[in-house]
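Beneath this line is the structure, given in structure tokens, with notes to follow.
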Amino acid sequence: MKKLLVLSLILLTCNINAQYSQTSGLYFAKEFSKDAALYKAKSYVMTQILGVDENLVKFDIDPLAAASSGELTSLVYNCEQKNINGLILGFYGNRWNESGVSYQAYAFKNFEKERAFELFEILEEYFDNETEYISTFNKENNMYFKFDDLTFLIYNDGGKKIRVFWEGFDSEWEYTAYKRTRRRFEKRVD
């Protein structure tokens, strides 16, 4: 009986410890925070946007807003030296390999400054012109459009929502996070 009790306690302890994220140590923690996105985006900007060479290059990067789901984070970057700036959308989510093993993946989509403003203008146009269609009384109404290689689904589920589909990612971008992104981006690059 004593052995059974000890074994039960060991199994119970192992089960309880597996109920929260081991990486953060917090219950209900966002899986991909602004800090994590910032850390990984620095390498992306350095290698994929600015290019690495033997010269010293200075740039700044700042996370603008993270979706509460942790699936999408927006960041702004600027390199005066190379006259390059823009918006990055950082995507995060679970993926499965051919063997069915789940892993956490992330990727970044870059928009140069002018292209980011185009995206904001299109979204604002649809929000302004289609307010009645996606009102809170019409929860079943949806609309979508393609921009570059991303697809944006706009709908209302107790508030305006944007889902962004890109390269297998399906990320929710809350309207408030979108508005915060746009406002902060405009302030930083203009």
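The values are calculated or read from the model by the stated rules, or taken from the named source; none is laboratory data. Bear in mind the structure is a predicted one, so any value in this text is a computation, not a measurement. Methodologically, a virtual Cβ is constructed for each residue, glycine included, from the backbone with ideal geometry; neighbour enumeration extends over all protein chains shown. Accessible surface is based on the protein model in full, side chains and every heavy atom, while ligands, DNA and RNA are left aside. Shrake-Rupley method; radii C 1.70, N 1.55, O 1.52, S 1.80 Å.
Taken together, the criteria exclude Val57 from residues that are among the β-branched types (Val, Ile, Thr), in a strand (DSSP E or B) and open to solvent by less than 80 Å² (accessible area, probe 1.4 Å).
Only a single item in (1) over 23 Å from Ala177 (Cβ atoms); (2) open to solvent by less than 30 Å² (accessible area, probe 1.4 Å); (3) at pLDDT below 95 is not met by Leu72, and it is number (1).
Return yes or no: is Tyr106 out of contact with any His (no Cβ under 7 Å at 6 or more places or on another chain), open to solvent by less than 70 Å² (accessible area, probe 1.4 Å) and under 16 Å from Leu38 (Cβ atoms)? No, not satisfied.
Residues in segment 135-184 that are more than 16 Å from Ser74 (Cβ to Cβ), surrounded by fewer than 14 Cβ atoms within 10 Å (Cβ to Cβ) and basic (Lys, Arg) were compared, and the one that is nearest to the chain's Cα centre (by Cα) is Lys146. There is no residue in segment 61-76 that is out of contact with any strand residue (DSSP E or B) (no Cβ under 8 Å at 6 or more places or on another chain) and over 20 Å from Lys187 (Cβ atoms). The listed residues are Tyr92, Tyr155, and the only one of them that is at pLDDT below 95, assigned to a strand (DSSP E or B) and within 30 Å of Lys58 (Cα to Cα) turns out to be Tyr92.
When each of Phe127, Phe111, Phe120, Phe91 is tested for being of a type in the set (Phe, Trp, Tyr), at negative phi, out of contact with any Lys or Arg (no Cβ under 9 Å at 6 or more places or on another chain) and open to solvent by less than 20 Å² (accessible area, probe 1.4 Å), the lone residue that passes is Phe111.
Each row is one residue, and each column tells you yes or no for (1) modelled with pLDDT under 95; (2) touching a Ser or Thr at 6+ places or on another chain (Cβ under 6 Å); (3) of a type in the set (Phe, Trp, Tyr); (4) open to solvent by less than 90 Å² (accessible area, probe 1.4 Å).
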position: Val6; (1), (2), (3), (4): yes, no, no, yes
position: Leu9; (1), (2), (3), (4): yes, no, no, no
position: Ala18; (1), (2), (3), (4): yes, no, no, yes
position: Ser24; (1), (2), (3), (4): yes, no, no, yes
position: Asp62; (1), (2), (3), (4): yes, no, no, yes
position: Gly86; (1), (2), (3), (4): no, no, no, yes
position: Trp96; (1), (2), (3), (4): yes, yes, yes, no
position: Ser99; (1), (2), (3), (4): yes, no, no, no
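When Asp35 is tested against (1) within 19 Å of the chain's Cα centre (by Cα); (2) crowded, with 17+ Cβ neighbours inside 10 Å; (3) part of a helix (DSSP H, G or I), only condition (2) is not met.
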